[in-house]
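What follows is one structure encoded as structure tokens, with my remarks underneath.
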Amino acid sequence: MRNKKTRLQLIVKLIKNNCVGSQDELAHLLATNGYVVTQATLSRDLKTLKATKVATDMGGYMYIIPDSNDLQDSMLSKGMSYSSYSVHAGSFVSLQFSGHMAVIKTRNGYASGLAYDIDMSRTPEILGTIAGADTVFAVMREDVDRKDAVKIFSRFLPMILDEGEE
């Protein structure tokens, strides 16, 4: 039997390189790599890794591992549909500014996922976020103007950037 550390490393690799939407899918991928595990073991492993599910652009879900900022690039390089932009495309409502704060409105239930993605991007121009059910408050550094802020948020949100937008 292979050790837990190696199994956890494989789980991280599988989650980073595949759009895994359920424990059954993950168990099957593990089995094809020589790791037959029970649902209880897999559940404990996912908890150990602090894996969470996020909504995909196709209405399903997929596991992510916190602090795995390379997930988006990995998925895109493999031609898969996950990206922060596409996950939030159907949930975005509006973006407005008040001073150095951006107020992002989403459909109900989507704000926390968006705030998480913004925070995990570790964008230096964004000091932090606070999320409610349908609103994200993002505090911008003082030297960031609105035009630059719109460009930053366009990485996460489906916005049309007008040349004259301020």
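The values are calculated or read from the model by the stated rules, or taken from the named source; none is laboratory data. Computed from a predicted model, the values in this text were never measured in an experiment. Glycine also receives a Cβ, built like all others from the backbone with ideal geometry; neighbour counts cover every protein chain displayed.
I'd like the full set of residues that are without any contact (Cβ under 8 Å) to a residue 24 or more places away in the chain and in a helix (DSSP H, G or I), limited to region 3-27.
5, 6, 9, 13, 14, 23, 24, 25, 27
Can you run down the residue pairs with Cβ atoms below 6 Å, 6 or more apart or on separate chains, where the first is in region 103-129 and at pLDDT 85 or above and the partner is acidic (Asp, Glu) and in a helix (DSSP H, G or I)?
From residues that are at pLDDT 85 or above, the pairs are 129/119.
For the subset of region 88-119 comprising residues that are of a type in the set (S, T, N, Q) and assigned to a loop (DSSP other than H, G, I, E, B), which member is surrounded by the fewest Cβ atoms within 10 Å (Cβ to Cβ)?
108
Yes/no matrix, rows are residues, columns are (1) within 27 Å of residue 109 (Cβ to Cβ); (2) modelled with pLDDT of 90 or more; (3) assigned to a loop (DSSP other than H, G, I, E, B):
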position: 1; (1), (2), (3): no, no, yes
position: 29; (1), (2), (3): no, yes, no
position: 35; (1), (2), (3): no, yes, yes
position: 41; (1), (2), (3): no, yes, no
position: 57; (1), (2), (3): yes, no, yes
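In region 39-60, what residues are under 14 Å from residue 22 (Cβ atoms) and polar (S, T, N, Q)?
Residues satisfying the conditions are 39, 43, 52, 56.
Could we say that residue 18 is modelled with pLDDT of 90 or more and polar (S, T, N, Q) here?
So residue 18 does not fit the description; no.
I'm told residue 81 meets every condition in (1) modelled with pLDDT of 80 or more; (2) outside any helix (DSSP H, G or I); (3) out of contact with any Leu (no Cβ under 7 Å at 6 or more places or on another chain) except one. Can you identify the failing condition by its number?
Result: residue 81 fails condition (1) only.
I need the full set of residues from region 40-59 which are in contact with a Gly (Cβ under 9 Å, 6 or more places away or on another chain) and not charged (D, E, K, R), in order please.
54, 55, 56, 59
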